[in-house]
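The values are calculated or read from the model by the stated rules, or taken from the named source; none is laboratory data. The structure presented is a predicted model; accordingly, all values stated were derived computationally and were not measured. Neighbour counts run over all protein chains shown; Cβ positions are idealised from the backbone, glycine included. The area values use the complete protein model at the heavy-atom level, side chains included, leaving out ligands, DNA and RNA. Shrake-Rupley method; radii C 1.70, N 1.55, O 1.52, S 1.80 Å.
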Amino acid sequence: MTPRERLLAAAARRILTKDGPYGTAIQKAKLAAEDYAGNTGLVQDQKGNNDLVNLTQPQIIRAICDSYIAAGATVLATNTFNANRISQADYGAEALVREINVAAARIIREACEEATAKDGIPRFVCGAMGPTNKTLSLSPDVDDPGYREVTFDEMKDVYREQAAALVEGGADFVLIETVFDTLNCKAAIMAVKELEAEQGREIPLMISLTLTDLSGRNLSGHTVEAFWYTVRHARPVTIGLNCSFGADQLRPHVQLLSSIADALLMAYPNAGLPNELGEYDELPETTAALVRQWAEGGRVNILGGCCGSTPEHIAAVAKAVEGIAPRPVPALAHEMRLAGLEPFTIAA
């Protein structure tokens, strides 16, 4: 079976659980700058370069992954949110992008295979690609609206380098996550499609949107429905929402997407909203109770956590949705669905 077929089969049996973030757990390790840098020979201060830890402190990444597996997660993402040439330029580590991504995918692949060998439960490796710190849709210069720091082709090449390395390391899927700019996402989609053509096989996509306001738009202005119609041609195996807000405020947007998406729905909200110090106070039981409502309403196929989530949050979520039937993927009527910033459907 292909990765797509295996995931669809697993998701038909039960609601699956995705893992949570790596950044908070890495910070708890209290690494010094030299721990981040390891023997890479990088001259800039690497403190805070969480992606580099895949290379220099792989045992920490493995321990975090193992903690999420123990919590019940079967959909595991790589620690590669900023492991791209644009983001790594902040640390002077662009030359290590391939190595970082290959190492990251191998760590998660090995952890999954060892766990599955023990209990027989299928697990899936998602090669995570974040949005970078550049935007194709908006100018960073208020005095020059037409200016862009990067071109579409440059962005596509950045994503292609990362995607190729993630697949080389053993990722089953490429997860384009925290999409704040739809055009960035389209560059990532094109990169993966070109990689598919080169390798002569499917590299299934997962796509996850992040909203920047309660009205339900991302930074580049797309509504949830318009975004889905914009990326549906890529046939992602999952579509969903992550980060944004806590589960309480994300609920109506999950409900909308669930009704229009003929793909698995994967949602991994923040653990509530941050407090004045930027910390997350929402307890695992609170998060679990909120997303359980989504599950009981038949709205989700895969649930996990984003900012502020811990293995305890993931364990609570996994337990809360145990025994609840997964969302049936709807069969949509054949209509022409278009999108600018708003959706537009031409009915037959």
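Looking only at the range 72-110, which residues have a backbone nitrogen under 20 Å from a spot 7 Å from the Cα of Glu149 in the C-beta direction?
80-97
Show me 210-219, 185-194, 243-252 ranked by packing, highest mean number of other Cβ atoms within 10 Å first.
Answer by packing, highest mean first, reads 185-194, 243-252, 210-219.
List the lysines whose alpha-carbon lies under 19 Å from that of Lys319, not counting same-chain residues fewer than 8 positions away?
Lys18
Using alpha carbons only, how many angstrom separate the centre of the range 128-197 from the centre of the range 276-294?
The two parts, judged by their Cα centres, are 30 Å apart.
For the chain, modelled as a Gaussian network with Cα springs under 10 Å, which listed residue fluctuates most, Asn275, Asn82, Asn50?
Asn275
Long-range amide H contacts for Arg217: which residues qualify at under 5 Å (H placed 1.01 Å from N, peptide plane, sequence gap of 5 or more or a different chain)?
Amide H neighbours of Arg217: Thr212.
Quick one: what are the phi-derived ³J(HN,Hα) couplings along the range 25-42, Karplus 6.51/-1.76/1.60 with θ = phi - 60°, whole Hz, x for glycine and proline?
5, 5, 4, 5, 6, 6, 6, 7, 4, 5, 5, 5, 6, x, 9, 6, x, 5
Spelling out what I want: for every residue of the range 210-221, take phi, set θ = phi - 60°, compute 6.51 cos²θ - 1.76 cosθ + 1.60 (Karplus), and round to whole Hz; glycine and proline get x.
Values per residue, Gly and Pro as x: 10, 9, 10, 8, 5, 6, x, 10, 8, 4, 7, x Hz.
Return one whole number: the accessible area per residue of the range 275-348 in Å², for a 1.4 Å probe.
Result: 57 Å² of accessible area for each residue.
Among (i) 31, 62, 7, 0; (ii) 28, 41, 21, 9, 0; (iii) 25, 56, 16, 4, 0, which one is P(r) over Cα pairs in 20 Å bins from 0, in percent computed from these coordinates?
(i)
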